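The values are calculated or read from the model by the stated rules, or taken from the named source; none is laboratory data. None of the values given here were measured: they were computed from a predicted structure. Positions of Cβ are generated from backbone atoms using ideal geometry, with glycine treated the same way; all protein chains shown enter the neighbour counts.
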Amino acid sequence: MQPETNSTSLRQSWQQFRSLHIDPLERRWITVTLLAIGLMVGIMSVDALWHGVNPPSKVEVIDSASLHLGGEFAEDNMGVQVGNDGKMTVRVVAGRYGFFPKHLRLPAGKPVTFRWASLDVLHGVHIPMTNMSTMIVPGYVAEITTTFPNPGEYPLLCNEYCGLGHNHMWSTVSVVDPDDWQAAPATGAQP
Ligand code: CUA
C-alpha cells in the first residue's frame, strides 16, 4: 500500500514540523517571506496570462548550417508572407550580428506569426511593448504570434550575448496603419 505509506509519512513530517520550536519573530518573518514570494509569482503568472507570454511550444528542428540552401528560410521565403487564408507569417534569420531581412514593415492590430531561425550561435529576440521575447536556438525554429497594438517604429533587439558584436545586433519594425499596409508579393513558393 504505497500511497498510504506516503501520506502517513507526510503526516508525520508535518507533525514533526509543527512540533518544532520556531521563535514567534522568526515565524512572522517566514510568513512575510512566503507572502512576498506568493505575491511575486502571482504577479508574474497573471501578467504572463494577460499578455499571452509563453514559451515556444512546438519543438521544430532545422539544420542551421544549410538554411540558405533551400526550404523555409531560403532568401526568397524570408520576410513577410500572407497565406491564402490571410494569415501573416514573418520569417527572420538571426546571425552574427544582424537580423535578416534587416527591416520589416507590418500592419498594426493584426496577428503576425514570427518564425525565427539562427544560422550560427544562440541569439535572442525582444520587441519591447509586445509579447515577443524568445531565444533563437541554433537547430530549432522559434515561433511566436504577436500583435502590434499601435503604429510606430519598434526596436527589435538581440537579448542573448552572442559575441563581440552583440550590442550592434538590432533592427527595427515599422508598424503602420492597416489601411496603409500592403504585403509585398510572395516571391517564393509557400512551404
Ligand atoms: Cu545575437 Cu546577441
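One residue is enough: does the range 88-96 have a residue meeting the conditions in contact (Cβ under 8 Å) with a residue 12 or more places away in the chain and polar (S, T, N, Q)? Show your work before the answer.
Going residue by residue through the range 88-96, those that are in contact (Cβ under 8 Å) with a residue 12 or more places away in the chain are 88-96.
Adding the requirement that they be polar (S, T, N, Q) leaves 89.
Within the range 88-96, one or more residues are in contact (Cβ under 8 Å) with a residue 12 or more places away in the chain and polar (S, T, N, Q).
Considering (1) over 22 Å from the mean Cα position of the chain (by Cα); (2) modelled with pLDDT of 85 or more; (3) farther than 16 Å from Phe100 by Cβ, the lone condition that Lys87 does not fulfil carries the number (1).
Give the residues of the range 154-179 that are among the hydroxyl-bearing types (Ser, Thr, Tyr) and within 14 Å of the ligand (Cβ to nearest atom), sorted by residue number. Break it down into steps so the answer makes sense when it comes.
From the range 154-179, those among the hydroxyl-bearing types (Ser, Thr, Tyr) are 154, 161, 171-172, 174; that's our starting set.
Result: Tyr161, Ser171.
Of the residues Gly139, Gly109, Gly124, Gly152, the single one that is touching a helix residue (DSSP H, G or I) at 6+ places or on another chain (Cβ under 7 Å) and within 29 Å of Met44 (Cα to Cα) is Gly109.
Taking the condition of a type outside the set (Asp, Glu), closer than 25 Å to Asp63 by Cα and either assigned to a loop (DSSP other than H, G, I, E, B) or within 10 Å of the ligand (Cβ to nearest atom) (or both), does Pro138 pass? Yes: the conditions hold for Pro138. Would a scan of the range 144-151 turn up a residue that is in a loop (DSSP other than H, G, I, E, B), within 16 Å of the ligand (Cβ to nearest atom) and under 24 Å from Gly52 (Cβ atoms)? Scanning the range 144-151, I find no residue that is in a loop (DSSP other than H, G, I, E, B), within 16 Å of the ligand (Cβ to nearest atom) and under 24 Å from Gly52 (Cβ atoms), so the answer is no. Of the residues making up the range 156-167, one or more are out of contact with any strand residue (DSSP E or B) (no Cβ under 6 Å at 6 or more places or on another chain) and outside any loop (DSSP other than H, G, I, E, B).
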